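S.K.: This is the structure I have questions about; it appears just below.
The values are calculated or read from the model by the stated rules, or taken from the named source; none is laboratory data. All values derive from a computational prediction rather than experimental measurement. Note that each Cβ is placed from the backbone with ideal geometry, even for glycine, and that neighbours are counted across all protein chains shown. These accessible areas exclude ligands, DNA and RNA; they are computed on the full protein's heavy atoms, side chains included. Shrake-Rupley method; radii C 1.70, N 1.55, O 1.52, S 1.80 Å.
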Amino acid sequence: MNLAVVLVSPKTPGNIGSAARAMLNMGAQDLRLVAPRCDHLDSQAVAMAVHAADLLRGARVYPTLREALADRDLSVGTTARLRADLAPPQHPAYVRPLVRAAAAPALVFGPEETGLINSDLEQCQVAVRIPTGDYASLNLAQAVLLVCYEFLQGQEDLPERQRKTATREEMESMYGHLHEAMQLIGYTDAVRARHTLRLWRALLDRALMSSAESRLFRGLLRQVQWKVADAAARGTAEPRSADQTGPQLDGPEAAELEQVEADQGQGGADGLPRS
C-alpha cells in the first residue's frame, strides 16, 4: 500500500526515530515531516530508528501540512478529543476499508504536546481515535505503531477496489474557490467564514470526490461568479433574455461533465462498485 505517515511539528529526534522504526515494523515506508522542531537526522533519531535508519534518511520535509498532503487522495487525522464543528473521531477498524481502497492514503499525527490542532484536522477527510483506558495520551511512536497496524496488518479480507479520488491539493483549491464565491454572494462574512467553511468541508469530504467532480463543482462556482459580475455590469439581477445567454458549458467543462457521468455509470461518483 502506498501509505504515507505524516508527523506534524515533531519535537524530539528520539520520537521521530522511534516512529520510523514503528513504520518499518508495520510495512510503511513513506515518512513525511511537517515543520519539524529538531534535526530528524540527529544521532538520537538514528539510534532510536535502529534498522529503519534508511527510512529515516529518506524522510521528506515540508513547510506546511497542505504541501505534505498535496498528492494524497485520502488523509486520516489522529486525535483523542472531540472538536467543535468537526466530525467525531472513529475507531480505526471502521476507517480501514476507506484506507485500503485509497490509492495514496496518509496518516497524520500531531505534535507530542498538543496533538493535531483544528486547522490540521480540517485538512483530513476523517479522524481516528485509538481506544485506550482512562489515560488516553500515547507516545508518538506508539500511536504510529498502532494506527499503522490497523491499516496495514489488521486482519480483514476485503476485495480489491479502485477509485479515483481527488488529491488534497485539488480539494484545498476547490475550498479556496468556494470561500471566494461564498463571500461574493454574501453567503458568509469574515466573522463566520471559518465556521461555515468547516461545515461545507465536512459535507464535501464525505463525498470523496473524484478529480473530475471537483473540477465540475468549480465550474459551478465560476458560473456563480460570472453571474454576479454580469448582473453588476448590467445594473440588475434580472435574468438575461433568451438571446442573451451567458457562458455555455462547453469545452473542458462539458468534458468534465461527461467524465463524471461516465464514472457514475461505471460504478458511482466515487468510483466504488455499486451492489
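S.K.: If I take the Cα coordinates of the stretch 59-150 and project them onto the principal axes, what are the three extents in Å, biggest first?
M.R.: Principal axes ranked by extent give 37, 30, 28 Å for the Cα atoms.
S.K.: Could you run the Karplus curve 6.51 cos²θ - 1.76 cosθ + 1.60 with θ = phi - 60° over the stretch 61-78 and give me ³J(HN,Hα) per residue in whole Hz, x for Gly and Pro?
M.R.: Running phi through 6.51 cos²θ - 1.76 cosθ + 1.60 with θ = phi - 60° gives 10, 10, x, 9, 5, 4, 5, 5, 9, 4, 9, 8, 9, 8, 10, 10, x, 10 Hz.
S.K.: Next question, about the same structure. Determine ³J(HN,Hα), in whole Hz, for all residues of the stretch 114-131 in sequence, where each value follows from phi through the Karplus function 6.51 cos²θ - 1.76 cosθ + 1.60 and θ = phi - 60°; x replaces Gly and Pro.
M.R.: Going residue by residue, I get 10, x, 5, 8, 4, 5, 6, 5, 4, 8, 10, 5, 8, 10, 10, 10, 7, x Hz, with x marking Gly and Pro.
S.K.: For Pro89, what is the net charge nearby, where nearby means another residue's Cβ is under 15 Å from its Cβ and Lys, Arg count +1, Asp, Glu -1? Provide the component values of the computation, followed by the final result.
M.R.: Working: positive: Arg81, Arg83, Arg96, Arg129, Arg206; negative: Asp85, Asp120, Glu122, Glu150, Asp205.
Taking every Cβ under 15 Å from that of Pro89, the sum is 0.
S.K.: Then there's this: Which whole-number value in Å² is the accessible area per residue of the stretch 42-155, probe 1.4 Å? Before the final figure, lay out each step's value.
M.R.: On the way: 5290 Å² over 114 residues.
Dividing the accessible area of the stretch 42-155 by its residue count gives 46 Å².
S.K.: Quick one: order Thr12, Thr188 from most to least accessible surface, probe 1.4 Å. Display every interim value, and only then the final one.
M.R.: Numbers: Thr12 50, Thr188 10 Å².
Descending accessible area places them as Thr12, Thr188.
S.K.: Whole-Å semi-axes of the stretch 129-226's equivalent ellipsoid, largest first, each the root of 5 times a Cα gyration tensor eigenvalue? Each step should come with its number before you reach the end.
M.R.: On the way: eigenvalues 251, 86, 18 Å².
They are 35, 21, 9 Å, listed from largest to smallest.
S.K.: Using θ = phi - 60° and the Karplus relation 6.51 cos²θ - 1.76 cosθ + 1.60, list the HN-Hα couplings for the stretch 192-198 in order, rounded to whole Hz, with x at every Gly or Pro.
M.R.: Here the 3J(HN,Hα) series is 9, 4, 4, 4, 4, 5, 4 Hz.
S.K.: Let a ≥ b ≥ c be the square roots of the eigenvalues of the Cα gyration tensor of the stretch 18-72; is it rounded (a/c under 1.5), or, if not, prolate (a/b larger than b/c) or oblate? Provide the component values of the computation, followed by the final result.
M.R.: Numbers: a/c = 2.74, a/b = 1.39, b/c = 1.97.
Oblate, since a/c reaches 1.5 and b/c is not below a/b.
S.K.: Roughly how many Å² of Glu169 are accessible to a 1.4 Å probe, to the nearest 10?
M.R.: 70
S.K.: Using modelled amide H (1.01 Å from N, peptide plane; none on Pro or chain starts), what sits under 5 Å from the amide H of Ala104, excluding residues fewer than 5 places away?
M.R.: Excluding prolines and chain starts, which carry no amide H, the hits are Asp73, Leu74.
S.K.: Would you pull out the residues with amide H under 5 Å of Gln90's amide H, same chain only if 5 or more places away, H placed 1.01 Å from N?
M.R.: Distant-sequence amide H within range of Gln90: Ala127, Val128, Arg129.
S.K.: Turning to a different aspect of this structure: Quick one: Cα centre-to-centre distance for the stretch 52-112 and the stretch 164-201, in angstrom?
M.R.: 21
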